[in-house]
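To start, the structure under review is shown below, and the notes come after it.
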Amino acid sequence: MKNMRVVVTRIGGPEVVQVLSDAAPEPKAGEVRLRVLAAGVSQADITIREGFYTNSVKTPFTLGYDCVGVVEKLGAGVQQLRVGDHVAAITVRGSHAEYICWPADDCAPIPADVDPVKAVCLLLNYMTAYQMLHRVAQIKAGDRLLVHSAAGGVGSALVQLGHLAGAELYGTASSSKLDFVRGLGATPIDYTTEDFVERVRSFVPGGVDVVFDAIGGANFSRSFETLTPRGQFVGYGFTAKVGQRFGRVDTFARLGWMFIARGGRKVAFYGIMFMKKDHADWFRADLQELLRLYQSGQIDPAVSAVLPLQQAREALALLETRKVSGKVVLTP
């Protein structure tokens, strides 16, 4: 049985991505083989492809941070899952394929009638947003939140979930995405024509209670300026300098400065895999809550594009244009 998969042949730009076909993997003891139904495309995939992720590996390797699939074959000793079960998994690498083998203990069962394209949005994007809001910042109704890249995959999830929690939201986006951000429930700020610090202060003279920033670099420092004296800064990325090692160093240097100069403000940097390692029990609980919110119609993940696996390079390039609103998804 053949397995089509997306392979990074060497560290670099979109040109290093190839779609290959080889034999489908066989599950080892404790693993299951999944037939992938939907796999997310994320900024993390770009960071990994360019060799700047925290645990990047030698090439060649298969991309893909998260997926929803059907259990097709059981490895020795697997008892908690059955062939035909629908599951979700955060893989970091490997899910951009028709088939993937993954530890059964790390697969979270999901209802078979949930749209896999929508369900895969709940993994990296909505899980990140939900945990930053409720596990890290512990927001409450009435809190004023600033969300950068509010039209992106995580940003749109932050706005939807924050709005649902009763927060007052402000979101930065480019001119063409302002109506989209407004429709999600946030007051949009055009970062291309407005100084977001001044704009936030015009709306909320005392500052916002929490700011969520995945841009990094100088944006971290400027976001810090929008906070109340007892506000919270939550960073979770550095998209402004992807592909430039200095940008990452600059981002974490600024984060370190904020820890020193924070006064009564709180500073945190969220990484989903660190959270998963330290609080594995939260993931199943939070995924079930997100599934409940989706199935009850309280949230609706925004999907910007659904492309076939063969167009993985185009999907990554589309994400890099920053013209997407919501999640980009691959379907084998």
Quiz item: Applying the selection to the stretch 22-37, what residues are within 13 Å of D66 (Cβ to Cβ) and surrounded by fewer than 24 Cβ atoms within 10 Å (Cβ to Cβ)?
Solution: L37
Practice problem: Enumerate the strands (runs of 3 or more DSSP E) found wholly within the stretch 1-51, keeping only those where 3 or more residues are touching a helix residue (DSSP H, G or I) at 6+ places or on another chain (Cβ under 9 Å) and closer than 19 Å to N125 by Cβ. | Solution: 31-41
Quiz item: Just to be sure, is G206 closer than 30 Å to S296 by Cβ and of a type in the set (G, A, S)?
Solution: no
Exercise. Give me a count of the residues in the stretch 284-325 that are under 15 Å from A39 (Cα atoms) and part of a helix (DSSP H, G or I).
Key: 9
Self-check item: Considering residues of the stretch 304-332 that are in contact with a helix residue (DSSP H, G or I) (Cβ under 7 Å, 6 or more places away or on another chain) and open to solvent by 50 Å² or more (accessible area, probe 1.4 Å) only, the residue nearest to A165 (Cα to Cα)
Solution: V306
Quiz item: In the stretch 178-199, how many are out of contact with any Lys or Arg (no Cβ under 9 Å at 6 or more places or on another chain) and open to solvent by less than 20 Å² (accessible area, probe 1.4 Å)?
Solution: 2
Practice problem: Scan (1) surrounded by fewer than 18 Cβ atoms within 10 Å (Cβ to Cβ); (2) in contact with a strand residue (DSSP E or B) (Cβ under 6 Å, 6 or more places away or on another chain) for the single condition Q232 breaks and write down its number. | Solution: (1)
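Taking the condition among the aromatic types (F, W, Y), in contact with a strand residue (DSSP E or B) (Cβ under 8 Å, 6 or more places away or on another chain) and in contact (Cβ under 8 Å) with a residue 12 or more places away in the chain, does F220 pass?
Judged against the criteria, F220 is a match.
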Quiz item: Is at least one residue of the stretch 26-47 at pLDDT 95 or above, within 20 Å of V7 (Cβ to Cβ) and polar (S, T, N, Q)?
Solution: no
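The values are calculated or read from the model by the stated rules, or taken from the named source; none is laboratory data. Predicted model, so just to flag it, every value in this text is computed and none were measured. We place every Cβ from the backbone using ideal geometry, glycine too, and count neighbours over all the protein chains shown. Just the protein is used for accessible areas: all its heavy atoms, side chains included, with ligands, DNA and RNA removed. Shrake-Rupley method; radii C 1.70, N 1.55, O 1.52, S 1.80 Å.
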